[in-house]
Amino acid sequence: MNSGNEPMNIPPATAGPDATNSTVAPKATATTLITHIASLVTNDPSLGDGSPLGLIQDAAVVIDGDRIAWVGETSKAPATDNRVDAAGRAAVPGFVDSHSHLVFAGDRTAEFNARMSGRPYQAGGIRTTVAATRAATDAELEANLARYLREALRQGTTTFETKSGYGLTVEDEARALRIAARHTGETTYLGAHIVSPDLADDPAAYVALVTGEMLDACAPYARWIDVFCEKGAFDGDQARAILTAGRARGLHPRIHANQLSYGPGVQLAVELDAASADHCTHLTDADVDALAHSSTVATLLPGAEFSTRAAWPDARRLLDAGVTVALSTDCNPGSSFTSSVPFCIALAVRDMGMTPDEAVWSATAGGAAALRRTDVGRVTVGARADLALLDAPSHVHLAYRPGVPLVSEVWRAGERVAAAPA
């Protein structure tokens, strides 16, 4: 790490696909120094207090272009072209939301209202959104997507993944991914969300479509392939066939696993080296052990349990076993209609056994691990310059003050892109 006035040479970071990538020739950039950060979460244990969060007190960060060029104490900061005073606010890496469903139309207010009145959540409610999404225009779908992205950005999310899955026809799945790919490189083909209503009586035919013509149409716009492995959706054999077909087309697996009941999803995720097994609510000891001895991240989605009154995932059990855990919103209109990572952090601390430090790490570096990214989710030299400044002296306030809009300023790829009203 640079620590002084030496010339700053930024090493390349291992980057994933990103909407900020451009083929335009690079131009000269000015350096910016952010000073007097009360407490900076770097997620680098070699920095600061040596904890997993790598906390630095009275910290400073130098941004050069879209990258972090220097991190350290304010008193040791080098000279730069521009200077910004954080005025004693805390800072965390931009949140990495590694699981969302943002290309859809309509909402499911009536379903939510009924569920809060006693009706249990079941996978079939997705069909309501499928009908609304099919009826929407491309412009309407993109406007909705942009709206939710702005909402998430104001709350500190600087990297997000999103899925198809509300079209369930070749044309509608492909257009969902085309639209999503204009906003992020972290796009996931989820034709296997549920069996399409059009082929409800012939699941085998739908699996053939998902692994054939639909995959051909969607693969050019996706990085990932996903499947809802659950009763009422796809069983283990169907899920394996779908993920294997996607992997043969260059899409890396991830999976909705063990959300509503015990099942084969987690074991299948580990078998296929999926980047992430998402939900992980109902786990056997064998499931936990398999995750702990794999590179598959367990992505927990507390917004879903909050919105469905389901049992909470046991994050403490996973963490104590050595599993890498991510936190994400699962933003979708049916079971988790929130774009707020801070809200999910508060839920994870209150109801899932996580400490504030663990929850913040899981919502930043954990999310990056679930996307197999090393250039986001941390504030270290060479990483993308993504930060969220908090109107608080510590990251702990994200759980300590639930529901309060603490994110006061957001930097993404070196640019100040969101700020709270003065």
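Annotations
- Considering only 346, 139, 326, the mean-square fluctuation computed in a Gaussian network model of the chain, springs between alpha carbons under 10 angstrom, is largest for 139.
- Prolate/oblate/rounded label for the stretch 186-230 (Cα gyration tensor, a/c 1.5): oblate
- Rg/Rh, computed from the Cα trace of the stretch 270-358 with Rh as the Kirkwood radius, has the value 0.95.
- Just so you know, the Rg over Rh for the stretch 48-87 is 0.98, from Cα atoms, with Rh as the Kirkwood radius.
- Here the stretch 99-230 is described by how far its Cα atoms reach on the three principal axes: 43, 42, 26 Å, from widest to narrowest.
- In the assembled protein chains, residue 111 presents an accessible area of approximately 30 Å² (probe radius 1.4 Å).
- The phi-based Karplus calculation (6.51 cos²θ - 1.76 cosθ + 1.60; θ = phi - 60°) puts the 3J(HN,Hα) values of the stretch 320-327 at 5, 7, x, 6, 6, 10, 10, 10 Hz, whole numbers, x for Gly and Pro.
- Centroid-to-centroid separation of the stretch 159-214 and the stretch 85-126 [C-alpha atoms, Å]: 20
- For the chain, the carbon plus sulfur part of the accessible surface works out to 51%, probe radius 1.4 Å.
- In the chain, the inverse of the mean reciprocal separation of distinct Cα atoms equals 21.6 Å; this is its Kirkwood hydrodynamic radius.
- The angle between the Cα long axis of helix 341-351 and the longest principal axis of the Cα atoms of the chain comes to about 80 degrees, rounded to the nearest 10.
- In the full protein context, the chain carries 38 Å² of accessible surface per residue, based on a 1.4 Å probe and ignoring ligands, DNA and RNA.
- Kirkwood Rh (inverse of mean 1/r, distinct Cα pairs), the stretch 265-422, angstrom: 16.2
- When restricted to Cα atoms, the stretch 212-335 yields an Rg and a Dmax of 14.1, 43 Å, respectively.
- Percent antiparallel among DSSP beta bridges (both partners in the stretch 21-180, rounded to 5): 60
- Rg [Å, one decimal], Dmax [Å, integer] - the stretch 234-291, C-alpha atoms: 10.7, 33
- Solvent-accessible surface (1.4 angstrom probe) belonging to residue 340, in square angstrom, nearest 10: 20
- Residues residue 312 and residue 58, FRET efficiency given R0 of 41 Å [Cβ-Cβ distance, rounded to 0.05]: 0.65
- Relative compactness, the stretch 310-357, computed as alpha-carbon Rg over 2.2 N^0.38 Å: 1.17
- Antiparallel content of DSSP bridges confined to the stretch 266-422, in %, to 5: 60
The values are calculated or read from the model by the stated rules, or taken from the named source; none is laboratory data. These numbers come from a predicted model, not from an experiment. Positions of Cβ are generated from backbone atoms using ideal geometry, with glycine treated the same way; all protein chains shown enter the neighbour counts. With ligands, DNA and RNA removed, areas are computed over all heavy atoms of the protein, side chains included. Shrake-Rupley method; radii C 1.70, N 1.55, O 1.52, S 1.80 Å.
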